[in-house]
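**Q** This is the structure I have questions about; it appears just below.
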Amino acid sequence: MKLSCLQENLSKGLNIVGRSVATRSTLPITQNVLLAAEQSQLKLVTTNLEMATTCWIGAKVEQEGAITIPARLLTDFVNSLPNDLIEITLPPNSHMLEFNSGRIRAHMNGIDAEDFPPTPQINNGIITHIEADALRQGITQVVFAAATEESRPVLAGINTEFENEQLNLVAADGYRLALHKMPLASTIEQQYTVIIPARTLNELNHLLGNQQDPVEITINEQRSQVLFRLKNVEIVSQLIQGSFPDYSQVIPKSYTTRAVVDITEFMRVAKMSSVFARNANGIIRLLITPGADLNAGKITISAQAEEIGDNVSEVDALVDGEEAKIAFNVKYLSDVLSSIPQSQIALEISTPSSPGVIRPIGVDNYVHVIMPMFVQW
Amino acid sequence: MPIKVLAPGVISQIAAGEVIENPASVVKELVENSLDAGASQIKVEVQGGGIELIGVVDDGAGISAAEVELAFQRHATSKITDVDDLSSTSTLGFRGEALSSIAAAAEVELYTQAASEVVGSRIRLSQGKVVRQESRSRPRGTTVTMRWLFRHLPARLKFLKSASREESRIVHLLTQYALAFPEVKFRLLVDQHLNFETTGDGSLRGVVACLYGREMAQKMLVIEGEGTTPALSGLLSPPSLTRSNRSYISIFVNRRWVRSPLLIKATEVAYRGLLMEGRHPIAVINLALPSADVDVNVHPAKAQVRFRDEQMLFSMVQESLRAVLSQVPIATEKTVPFTTSSRQGESSWELHDREASVIAPLPTIELPVLRVLGQLSNTYIIAEGPDGLYLVDQHAAHERIRYERILAQWKRQEVEVQGLLSPVTVELNPRQEATLKSNRELLVQFGFSLEPFGSRSYLMRAVPVLIANTNVVEAITTLLDNLAAREDPVPWQEKIARTLACHSAIRGGQQLSREEMGELIRQLERAEQPRTCPHGRPTMIHLTSHQIEKEFGRIV
């Protein structure tokens, strides 16, 4: 194997694939990155056995070949090199990869590429496309609501529904639910539902940042794997098997009180309350008062921590309906508020023990449901 | 077989069996006689596990020559005269069965001289009959020597344990008397070697020092009865000092050693949450009750007692001991494995000099302000305090914080509950279901909302906030299993709080950020019992600056 490439490209590529390197694994080779010189490209692959990331960078290949090198070592070394041409050579029948860049030389001991877990090939199945921006927003608005606790594996994934021209992403952890709907760039013939690990979508989200073109999504025929194809990058991930709970029952159809409030203001106050709430299991109490006569409607937010202190603050709100109160975990509230790009939201509630609903004003592609905390009032 | 009245010899042998079961009961009867005779010194000699020989020498009142022979008759006693005396007796013995029973079971020689007489008498009995009697002078007191226990009763001999077992029973028994009577000088010789000797100077701590060692005696805490009824006094080990069995809990009612499961339990309950599982305290507890409130005449051996108001006594003992314990700083007592405390042996140990410093008021449990330095093995937080290094077990510490918070919320009836978006189905086994049914109310108070949903399955609609981000199904099933476990005498609410705390606390092996560790330590500082987890494991180990400097050889 013999090739040369630019430090800048190699460094970028390693940072992209670096996110799916196994951190703790019983299979040591998964902590390595696979380097394969093919035609006029250098292919970089990492896998943690749940997902694999492949990235191609431009290179001048003199002799094809492949080797795996500890990812951390290689990334740290390449990041510290000046932006210059790097020559990479692997002598025949050797595992010692040689680097030459200007006046710098280095050798790294690798493991045979044959031993690297093969990346699943997904060529046929259901193929569709989606705008990168829309996907990024969708992932951002649901992924935090997925369960981190793994007793119910399906809840650690995002329920992904392809419906003709539409893609729905749903996440729920038992206490809250987020549903985001977005248009597909290419229509799909039938309805299709898979559960994608939240971790995979999180990593994908990071890579979508500098993606302009639509993302190609392929689901294999066995519905066991999904492939996201970006420019020069591919992510393959296992899908979570099982069926997602029927969430349509969970989203309340009606409300008795609806408050429209400015997000920035609401967010600021919630953050302030969390200073106290974090010592009280995150509980904040919301009291929604409708406007009367000349007084505007408002939401009164309070938090109190035993033996520490308390705070109360108010934000103006356009309140429709009767006075109502509800208690939330402040984390759940600020998670959703910080994921909404619009400037206002509507908070819809009925009783202190039934779920509260948050919807952005101006769009109807997002619903967030939070189950309240039952507290003494 | 026709019915007939048994011969007197047979009757006395049967009766003897009630009082004399083993060599230790012979020692017990003889020592009690000596104590009742007002002895200030008692020497006990044992050979062959007490089967071959038991000798008890005292300097008590002695028996006058005229009464010597009478002493060996059944129900002959100097201690009571009529039934009314039974309820007011203050002597250890009163049934008048001891000497006659021993004489029926073995060869006995009594050598005694009463203070008022110029000459003593010596009498020897075999199988309950006098074989020799003579007048002989000796210092005031009584010597009883018993040889060959159960020699003529092979059936009983068969049931004795090995000599070494019988011997340890005697040692344990005599230990108890030594603890009960610090003003009497006890001396025990086993196979002609000195087993222990007490000073007889009246100091209980001194007796503990002689029996259990000086180091232990120094650390024992004083129980002060302050005129309560019943009056309670004695010594109690701090939680850092434990033993692996209960035999170090000695309880005396009106100076009589009793085996009272009730009071032993009260003692252990007082230590709840302070000791590790399987560890037991060392305690010497003296209870003074009006003799009308206690009945010792349950069994000839008098080891069992009945109390008039058991419930009151239980809570009184438990609360008094708890009050003593709550004043102890715990972890500083913890010895660090690789070094020994340098304080011992620095001067010749003087009992009374030490007394003052040990009884001096101890500070309440409070942690010093700790500064987090880092995390060890993702399990222990390393922190620096004003006096050295602290290693904090993150799981145990968090468990303690959670436990206190859960119980506090429950007591204020302010348990915080997180609703579930859609109910979770919980499948229970029959035992879990039975536990659930009988504890439904309590579980609701702690924040669980469960509705029946078909056979043995339940819908969970809400959970306590603290466990919301854990496996809630596992939490409720573990909880039900723990509640069903009977051997643990802890009240239900504490069991629930313990399980929830354990379930929701951060685990060992979890990496924590500096902020998280700081927060954990701050919360631990505010805990009421920061030194132990609810199961009694220590939350921290303290390496004092002194120990560190000593290890590095900076000081000698």
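Quick note: the coordinates plus some simple rules give every number you see, no bench work behind them. Quick caveat: nothing in here was measured; it's all calculated off a predicted structure. Cβ sites come from the backbone with ideal geometry, for glycine too, and all protein chains shown count toward neighbours.
**Q** Say each of A:ILE251 and A:LYS60 gets a label point 7 Å from the Cα, pointing the same way as Cα to Cβ; how far apart are those two points in nm?
**A** My value for the distance between the label points is 5.6 nm.
**Q** Past 32 Å, Cα to Cα: identify those pairs from A:LYS298/B:LYS495; A:LYS60/A:LYS181; B:LYS411/B:LYS437; A:LYS231/A:LYS271; A:LYS298/A:LYS331; A:LYS231/A:LYS253, in the order given.
**A** Numbers: A:LYS298/B:LYS495 44 Å; A:LYS60/A:LYS181 43 Å; B:LYS411/B:LYS437 22 Å; A:LYS231/A:LYS271 38 Å; A:LYS298/A:LYS331 21 Å; A:LYS231/A:LYS253 41 Å.
Correct reply: A:LYS298/B:LYS495; A:LYS60/A:LYS181; A:LYS231/A:LYS271; A:LYS231/A:LYS253.
**Q** Based on Cβ point charges of +1 for Lys and Arg and -1 for Asp and Glu, what charge dipole magnitude is obtained for chain A about its Cα centre, in debye rounded to the nearest 20?
**A** Here chain A has a charge dipole of around 520 debye.
**Q** OK, next. I want to verify a result. In a Gaussian network model of chain A, Cα cutoff 10 Å, which of these has the top mean-square fluctuation: A:THR160, A:THR119, A:THR26?
**A** A:THR26
**Q** Report the full-extension gain for the segment A:ASP316 to A:ARG268: residue separation times 0.36 nm, less the Cα-Cα distance, to one decimal in nm.
**A** 16.0 nm
**Q** Here is a further query. Please list, by residue number, everything in the stretch A:1-15 whose backbone N is under 14 Å from a paramagnetic label point 7 Å out along Cα→Cβ of A:ASN83.
**A** Inside the label zone: A:6-13.
**Q** Give the residues of the stretch A:241-258 whose amide nitrogen is closer than 13 Å to a point set 7 Å from the Cα of A:THR351 in the direction of its Cβ.
**A** A:256
**Q** Using the beta-carbon distance between B:VAL130 and B:HIS535 and R0 = 60 Å, what value does 1/(1 + (r/R0)^6) give for FRET efficiency, to the nearest 0.05?
**A** E between B:VAL130 and B:HIS535, to the nearest 0.05, is 0.45.
**Q** Most mobile of A:ALA134, A:ALA346, A:ALA106 per a Gaussian network model of chain A (Cα springs, under 10 Å)?
**A** Among A:ALA134, A:ALA346, A:ALA106, the largest mean-square fluctuation in the Gaussian network model of chain A belongs to A:ALA106.
**Q** Turning to a different aspect of this structure: Using +1 on the beta carbon of Lys and Arg, -1 on that of Asp and Glu, and nothing else charged, what's the dipole of the protein assembly as shown about the Cα centre, debye to 20?
**A** In debye, rounded to 20, the protein assembly as shown gives about 2720.
**Q** Hey, rough spin-label estimate for B:SER116 and B:GLU52, points 7 angstrom out along Cα→Cβ, what's it come to in nanometres?
**A** 4.1 nm
**Q** Name the most mobile residue of A:ILE104, A:ILE86, A:ILE340, meaning the one with the largest mean-square fluctuation, in a Gaussian network model of chain A with Cα contacts below 10 Å.
**A** A:ILE104
**Q** Do the sum for chain A: with -39,500 (n - 2.57) for every DSSP H run of n ≥ 4, divided by all residues, what is the mean residue ellipticity at 222 nm, to the nearest 500 deg cm²/dmol? The partial results should precede the final answer.
**A** Working: 6 runs with 66 residues, N = 377.
It comes out at -5500 deg cm²/dmol, rounded to the nearest 500.
**Q** Also, quick follow-up: Tell me, in nm to one decimal, what length is gained between B:ALA485 and B:ASN429 on full extension, where the rule is 0.36 nm per residue of separation less the Cα-Cα distance?
**A** The B:ALA485-B:ASN429 span can extend by a further 18.7 nm.
**Q** Using Cα positions and a limit of under 13 Å, work out the aspartates and glutamates in reach of B:LYS129, with same-chain residues fewer than 8 apart set aside.
**A** B:GLU69, B:GLU107, B:GLU109
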